[in-house]
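These notes are about the structure you will find just below.
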Amino acid sequence: MTRLWNAPADFADEMIDGFVAANGRYVRRVTGGVVRSAGAPEGQVALVVGGGSGHYPAFGGLVGRGLAHGAAMGNLFASPSAQQVTSVATTAQRGGGVLLSYGNYAGDVLNFDAAQERLRAAGIPCESVPVTDDVSSAPADERHKRRGIAGDLTVFRTAGAAAEAGYPLAEVARVARLANERTRSFGVAFTGCTLPGADEPLFEVAEGRMAVGLGIHGEPGIGEEDVPTADELAETLVARLLDELPDGVAAAEDARAIPILNGLGSLKYEEMFVVYRRIAQLLEAAGVEIVDPHVGEYCTSFDMAGTSLTLFWLDDELAELWETPVDAPAYRRGSDVPAATTADAAEAAAEDEAIAPSDDASRETARIVVDAVAVIAATVDAHVDELGRMDAIAGDGDHGIGMQRGSHAAAEAARAAAEAGAGAATTLLRAADAWSDRAGGTSGALWGVILSSVADRIGDSGRPDAPAVARGTADAAAGVMAYGKAEPGDKTLVDALVPFAEELGRAVAAGASLADAWRTASGAATEAAAATADLLPRMGRARPHAEKSLGTPDPGAHSLALITAGVADVLAAATEGN
């Protein structure tokens, strides 16, 4: 279990601060994560990696010479926000463009793709390569659906080496994709992991049993088996990976491969050495030429007891790039002369955006927005433990903490904007940006879409009418479906958001006041959220746990319904006050 923390919601930030304090030679803190202290040559492609915290040394531990230029570090098991990724990439870039690379999880894809769009819009060339090495997470003909686990290391190191060698952005992206195509991983676990502040692990494995093929957040693989001997485990791992050779590797015999035996958090190195002893024997018996074997922790999962085997199949180009010296906080290979730090070239503080002009009516409405967002935060606080428990059944248990971080940041940003004289739209937009940035993950990105969609419709002049708010919620539903690729029936917040938006539109069109229409729509959202208990998830991290989630409503839909009910009270009070 995880034993040491202060406030669970602050754990990731405090962890990053401590990591930077301990590794100032390598990294410096920037908004959203870390970048190299020493910078990089002008014109060099910047490799920016990232993902949720809780997987050290991924991702900050891999920032350094010959490897990543920066790491966007999200909350525990939650992707960094688009703002975080953009901030890190903007700071790390040296004029040669940016390559973004990350594990292939729904929240990461959403936020890194959004960051790519922002970087390109700012004139910074950008490409993305998600890592898809876990063979247990999808069949070979659907490799694009596979999740990224310890194979992150091979893709990141290859891309970092190509950047160090002066490859242009398109070529860095090409070799990163090649490395990904030639990387295969397979993992097992004997216990689950426990997030800071949680009373129970995210998942459990029965005593004497082993989960086979699971992911680094506890996503299931192909089932459970009795705990084998070390040699039997080695045979299972090797057999599964030799059963699927990548394109370009006709046979294992005479092929070159880098084996990486990765510990997931609690497995002792001595145990892994016993397992690796047999892995080496099996690979040699198959005719594989073993190159630079790795045994250690490269992508962990807090205190999960387990291990994964990665095979990285080399060609001549990949083999040459692999010899590039690397010097990062948690990963050093070869001989490299430390570069002088450039911490004195500190990140310039961005000036606050100017407050857009507004009129008295809009500023009055902004105060209602502030009250509404404050009630959202209070609602989340009241249900944070419940939301975490619901999410832990089929996800990674962080929905409550993520919503808490996001809603509180939104409330603070809304209050500050209104006090600075902002109108309703600007106040809500500031809240939207703060929510998506602070919460990270899928829910953070989607709540940013929801709030900003409504903001775009209400404007900074005049008092918005009910049809404008209804159009904003309709835009929010459409935006979330376009951004998250979910539809009604997929067991996501969409299942509550779409009925809410539709009912609000109908009630407003029938002549109801905004407060009355909102109350009616909230009832529809509550009913729809409860009905998600009967659905099987078809999207996101809960999808592999489909059967386990039956009988439990989707936490995203449930939290949205709770929030609409709280906001209904604010609108009713505002109507009475007028």
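The values are calculated or read from the model by the stated rules, or taken from the named source; none is laboratory data. Remember, predicted model here, so these are calculated numbers, not experimental data. Note that each Cβ is placed from the backbone with ideal geometry, even for glycine, and that neighbours are counted across all protein chains shown.
Brief remarks on what is shown
- Test: residue in the range 205-219 that is out of contact with any Gly (no Cβ under 7 Å at 6 or more places or on another chain), among the acidic types (Asp, Glu) and assigned to a helix (DSSP H, G or I): no
- Out of Ala501, Ala557, Ala512, one residue alone is part of a loop (DSSP other than H, G, I, E, B), aliphatic (A, V, I, L, M) and modelled with pLDDT of 90 or more. It is Ala512.
- Among the residues listed as Ala161, Ala138, Ala150, the single one being over 19 Å from the mean Cα position of the chain (by Cα) and within 19 Å of Ala71 (Cβ to Cβ): Ala161
- Near pairs, Cβ below 7 angstrom, 6+ apart or cross-chain, from the range 22-39 (over 14 Å from Phe59 (Cα atoms)) to any residue that is among the acidic types (Asp, Glu) and at pLDDT below 95: Val30/Glu347
- Residues considered: Ala478, Ala482, Ala425. Of these, the only one that is surrounded by 24 or more Cβ atoms within 10 Å (Cβ to Cβ) and either more than 23 Å from Gly400 (Cβ to Cβ) or in contact with a strand residue (DSSP E or B) (Cβ under 7 Å, 6 or more places away or on another chain) (or both) is Ala425.
- The set of residues in the range 296-321 being in contact with a Ser or Thr (Cβ under 7 Å, 6 or more places away or on another chain) and either in a helix (DSSP H, G or I) or surrounded by fewer than 20 Cβ atoms within 10 Å (Cβ to Cβ) (or both) consists of Asp303, Leu318, Leu321.
- Each residue in the range 80-91 was checked for being farther than 15 Å from Ile16 by Cβ and touching a residue at least 60 places away in the same chain (Cβ under 8 Å), and 2 of them qualify.
- Selected residue [buried (at least 20 other Cβ atoms within 10 Å of the Cβ) and modelled with pLDDT under 95] from Asp391, Asp381: Asp391
- Residue satisfying all of: in the range 1-19; free of Cβ contacts under 8 Å to residues at least 24 places away in the same chain and in a helix (DSSP H, G or I); farthest from Gln404 (Cα to Cα) among these: Gly18
- Criterion violated by Phe77 - all others in (1) at pLDDT below 95; (2) on the phi > 0 side of the Ramachandran plot; (3) surrounded by fewer than 23 Cβ atoms within 10 Å (Cβ to Cβ) satisfied: (3)
- Any chance Val274 is closer than 28 Å to Arg3 by Cβ, in a helix (DSSP H, G or I) and either among the hydrophobic types (A, V, I, L, M, F, W, C) or outside the structural domain of Pro293 (by TED's automatic domain parsing) (or both): yes
- Selection of the range 474-493 for residues being touching a residue at least 40 places away in the same chain (Cβ under 8 Å) and in a helix (DSSP H, G or I) yields Tyr483, Gly484.
- Residues of the range 178-231 that turn out to be among the small types (Gly, Ala, Ser), surrounded by fewer than 24 Cβ atoms within 10 Å (Cβ to Cβ) and over 23 Å from the mean Cα position of the chain (by Cα), as a count: 4
- Restricting attention to the range 23-37, the residues that are assigned to a loop (DSSP other than H, G, I, E, B) and buried (at least 20 other Cβ atoms within 10 Å of the Cβ) total 3.
- Of the residues screened, Ala343 is one that is at negative phi, in contact with a strand residue (DSSP E or B) (Cβ under 7 Å, 6 or more places away or on another chain) and modelled with pLDDT under 95.
- Checking each residue in the range 352-395 for being of a type in the set (D, E, K, R) and in contact with a Gly (Cβ under 8 Å, 6 or more places away or on another chain) picks out Asp359, Arg363, Asp385, Glu386, Arg389, Asp391.
- When we screen Ser436, Ser407, Ser453 for residues that are within 18 Å of Asp108 (Cα to Cα), in a helix (DSSP H, G or I) and assigned by TED's automatic domain parsing to the domain that holds Ile563, the only hit is Ser436.
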